[in-house]
Amino acid sequence: MEKNKPVIIYGAGFRGGRNFLALAEENVHVQAFCDRDGDQIPLYFGCEVLNCKEAVKNYSGLPFIVSIDEESAREQVAGYLREQGIETYTCFEEFFQGLNDAEAVTRRCGTKAGFQIVPGLLEGKKNLLAYSFGIGFDFSFEKELAERYGMEVYAFDPSPEVVRDMEGQALPNHLKYYAYGLSNEDKLKRFYLPSAGQDYSEYFAPWTKSERTEMQVYRLSTLMKRFGHTYLDLLKMDIEGSEFLALPDILKEGMLFGQLCIETHTRIFPNSVERMRWVKNLLNQHGYLMVSNGRQEQTYVHASLIEGYARRD
């Protein structure tokens with residue numbers, strides 16, 4: 001599997017250090033820092049620091065991420081680098097997966113999950129339906145959808161610990177729980193056991209052990225047919241890497257949903273940047289626009305639900 005291309009960070013300061021850590025979590029190697037005071041700074045986060053002229057000369061084939069706090073200075077530097085033919089980004093998010101496709105008013109849903117929803121698509125409406133995959137031990141997201149917005153919520157998680165925990169829960173009206181997972185097949189699939197907590201994964205990951213167990217998973221089309229549904233107002237996926245298997249199957253089958261709240265576990269893979277851009281491009285191709293970018297948690301809305309949206313170039 002191909003690895004991410006190394007990058008250059010312009011700005012050996014707080015913002016540059018923060019981007020360095022974010023890139024490290026996504027398996028992106030920082031080749032060097034670039035800074036106007038690069039001649040005075042021998043190392044930053046263990047990387048050499050160059051002045052702009054040296055960095056452009058030595059690393060013109062690598063992407064530059066401009067990490068300067070002051071906006072006008074950031075844009076000025078970015079403009080200069082682009083004039084030199086450098087692939088240039090003005091923030092980590094722009095480099096990793098691009099900026100939002102459309103503007104929408106969002107709010108956080110639940111007390112622990114980092115997901116944003118578009119409440120304007122839910123408030124005051126009836127007969128709303130949500131499927132939520134990967135609830136863990138905190139299902140405040142699902143409870144808020146059921147109690148605040150009156151949605152009929154189908155919640156899914158096959159993790160044995162979650163199954164036991166849910167047996168003693170008094171669930172609110174409009175919230176149903178099922179011990180199934182989501183993937184691209186209907187079968188008992190092998191999952192790596194978590195090192196701690198309940199985060200089982202189809203992929204060996206930093207948070208898993210090498211031991212494996214079997215859990216029942218289904219395709220979304222199978223579950224919607226079983227429950228007699230043809231459209232979801234909201235779909236949530238927090239499924240520890242299985243999103244890379246389930247999502248193309250869902251879109252290929254033409255399953256329709258209004259909002260998608262998805263957590264992407266790209267850090268499992270050496271080509272995390274390519275994976276993340278692939279997710280966004282795939283959703284864009286099927287008419288879904290990103291309206292909230294929380295780095296790991298993103299929210300997409302179907303274009304037909306956003307009046308007068310203007311996509312960014």
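The values are calculated or read from the model by the stated rules, or taken from the named source; none is laboratory data. Please read these numbers as outputs of a predicted model, since none were measured by experiment. Quick reminder, even Gly has a Cβ in these numbers, built from the backbone with ideal geometry, and neighbours come from all protein chains shown.
Here are the numbers:
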item: Cβ pairs under 8 Å, 6+ apart, first in the stretch 3-31 and aliphatic (A, V, I, L, M), second surrounded by 21 or more Cβ atoms within 10 Å (Cβ to Cβ) and assigned to a loop (DSSP other than H, G, I, E, B); result: V7/V28; I9/S67; A12/D35
item: Tally of residues being in a loop (DSSP other than H, G, I, E, B), buried (at least 16 other Cβ atoms within 10 Å of the Cβ) and touching a strand residue (DSSP E or B) at 6+ places or on another chain (Cβ under 8 Å) across the stretch 1-40; result: 4
item: The stretch 63-87, residues that are surrounded by fewer than 16 Cβ atoms within 10 Å (Cβ to Cβ) and either touching a residue at least 24 places away in the same chain (Cβ under 8 Å) or of a type in the set (F, W, Y) (or both); result: D69, Y80, Q84, G85
item: Odd one out for Y177, checked against (1) closer than 23 Å to A146 by Cβ; (2) within 21 Å of the chain's Cα centre (by Cα); (3) hydroxyl-bearing (S, T, Y); result: (2)
item: Residue, farthest from E243 (Cα to Cα), within the stretch 122-143, restricted to residues that are surrounded by fewer than 23 Cβ atoms within 10 Å (Cβ to Cβ) and within 21 Å of the chain's Cα centre (by Cα); result: S140
item: Residue in the stretch 287-296 that is more than 23 Å from L23 (Cβ to Cβ) and not in a strand (DSSP E or B) present; result: yes
item: Residues being surrounded by 13 or more Cβ atoms within 10 Å (Cβ to Cβ) and either under 16 Å from I250 (Cα atoms) or within 22 Å of the chain's Cα centre (by Cα) (or both) - total across the stretch 205-224; result: 11
item: Within the stretch 44-76, tally of residues that are over 32 Å from the mean Cα position of the chain (by Cα) and either outside any helix (DSSP H, G or I) or of a type in the set (D, E) (or both); result: 3
item: Sole exception among (1) within 22 Å of D157 (Cα to Cα); (2) of a type outside the set (D, E); (3) touching a residue at least 40 places away in the same chain (Cβ under 8 Å) for G294, by number; result: (1)
item: Considering residues of the stretch 218-264 that are more than 14 Å from Y131 (Cα to Cα), out of contact with any His (no Cβ under 7 Å at 6 or more places or on another chain) and not in a helix (DSSP H, G or I) only, the residue modelled with the lowest pLDDT; result: G254
item: Number of the exception - P172 against (1) at pLDDT below 95; (2) within 25 Å of the chain's Cα centre (by Cα); result: (2)
item: Condition met for Y154 (without any contact (Cβ under 8 Å) to a residue 60 or more places away in the chain, more than 21 Å from the chain's Cα centre (by Cα), part of a strand (DSSP E or B) and under 30 Å from K126 (Cβ atoms)); result: no
